[in-house]
Amino acid sequence: MKKLKNWDNQTWLSSKNYIHQFNKFLSKRARFNKNTKILDIGCGRANIISNLQKRQKFKEKPIGLDIIKNKGIKKNIIFKKIDGYNYLKRKNEKYDLILLKQTIHFFSPSKLKALLDIAKKRLEKGGKMLIFSLKTTNNKIPCFKKMKQKLDGSLKRDEKLFKIIKKKLKKTNEYYFNFKVNISKQKYLKMVKSRYISCLLDLNNNEISKGVSELRSKCKNQIKFTDTLKCISYKK
Ligand SMILES: C[S@@+](CC[C@H](N)C(=O)[O-])C[C@H]1O[C@@H](n2cnc3c(N)ncnc32)[C@H](O)[C@@H]1O
């Protein structure tokens, strides 16, 4: 699979409003204070933990891990270009919050199991692990036909991953984070062309241009939908 580079590259997922609402949701699920230590696995450009750091001024800067070092990674956090599992295996540090946002689908079931086992060990007592992933049913992400097939396949796989997570973590709670997206068709088509979501990564250029034409004729000039994430919360 190609690398995901444009997920949070000037999209609604990196907009001030999205980050603000997401972090409001996070603050309800994990109580922050100056001593809170945070690890974000698959942080992308680290918009989320950077904004948290700006507002909360933690004594220890949040750590963000990603296998890709994109351009424009935020500077007020500690970024490490490394696989999340390898990092946890090597470092014996503990965290109050381990965040995995829209990252689990990059893991095989066996690697996810191993990651969860080690992440549990790296949580402080009372610490939380919050795992976010796209809602698997009735998902509203605007898609062309081929993209929808890929997305549905990926969401089916996510359902299996959710089962693994619940089995591994045992006592969990579930929440939903909803964000109302309102984006111009022009901007959304640009996101599709830049393969913003992983279900587009394996499509060839011809499939992408056909898909863009399909969306151009089927979508309204202003695209509105709700982007919903399921959140699984585990407390040690
Ligand atoms: C969909 S993006 C989500 C980025 C960020 N969490 C957000 O929601 O804005 C998933 C990220 O996970 C990263 N990733 C994939 N496999 C990873 C791994 N094994 N360890 C760390 N990061 C990984 C990808 O490179 C990508 O940046």
Legend entry - Scan of the stretch 17-38 for residues that are away from the ligand (no atom under 14 Å from the Cβ), outside any helix (DSSP H, G or I) and surrounded by 15 or more Cβ atoms within 10 Å (Cβ to Cβ), ordered by number: 30, 32, 36, 37
Inset, instruction - Given the conditions (1) part of a helix (DSSP H, G or I); (2) away from the ligand (no atom under 16 Å from the Cβ), report the number of the one that residue 165 does not fulfil. - result: (2)
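With at pLDDT below 95 and either surrounded by fewer than 22 Cβ atoms within 10 Å (Cβ to Cβ) or in a strand (DSSP E or B) (or both) as the only criterion, which of 51, 138 stands out?
138
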Inset, instruction - May I ask you to list the residues in the stretch 54-71 that are over 23 Å from residue 116 (Cβ atoms) and either of a type in the set (Asp, Glu) or not in a helix (DSSP H, G or I) (or both)? - result: 57, 58, 59, 60, 61, 69, 70, 71
Inset, instruction - Within the stretch 100-148, count every residue that is touching a residue at least 12 places away in the same chain (Cβ under 8 Å), of a type in the set (Lys, Arg), closer than 30 Å to residue 188 by Cα and more than 15 Å from the ligand (Cβ to nearest atom). - result: 3
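Residue check: is residue 81 free of Cβ contacts under 8 Å to residues at least 60 places away in the same chain, more than 27 Å from residue 126 (Cβ to Cβ) and out of contact with any Ser or Thr (no Cβ under 7 Å at 6 or more places or on another chain)?
So residue 81 passes the test.
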Inset, instruction - Identify the residue in the stretch 1-16 that is exposed (fewer than 15 other Cβ atoms within 10 Å of the Cβ) and touching a residue at least 12 places away in the same chain (Cβ under 8 Å) and, among all such residues, is nearest to residue 60 (Cα to Cα). - result: 3
Inset, instruction - Identify all residues within the stretch 75-99 that are within 26 Å of residue 175 (Cβ to Cβ), crowded, with 19+ Cβ neighbours inside 10 Å and more than 8 Å from the ligand (Cβ to nearest atom); write none if there are none. - result: 77, 88, 95, 96, 97, 98
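The values are calculated or read from the model by the stated rules, or taken from the named source; none is laboratory data. Just so we're clear, the structure is a prediction, and the values are computed from it rather than from any experiment. Using ideal geometry, Cβ is built from the backbone for each residue, glycine included, and neighbour counts are taken over all protein chains shown.
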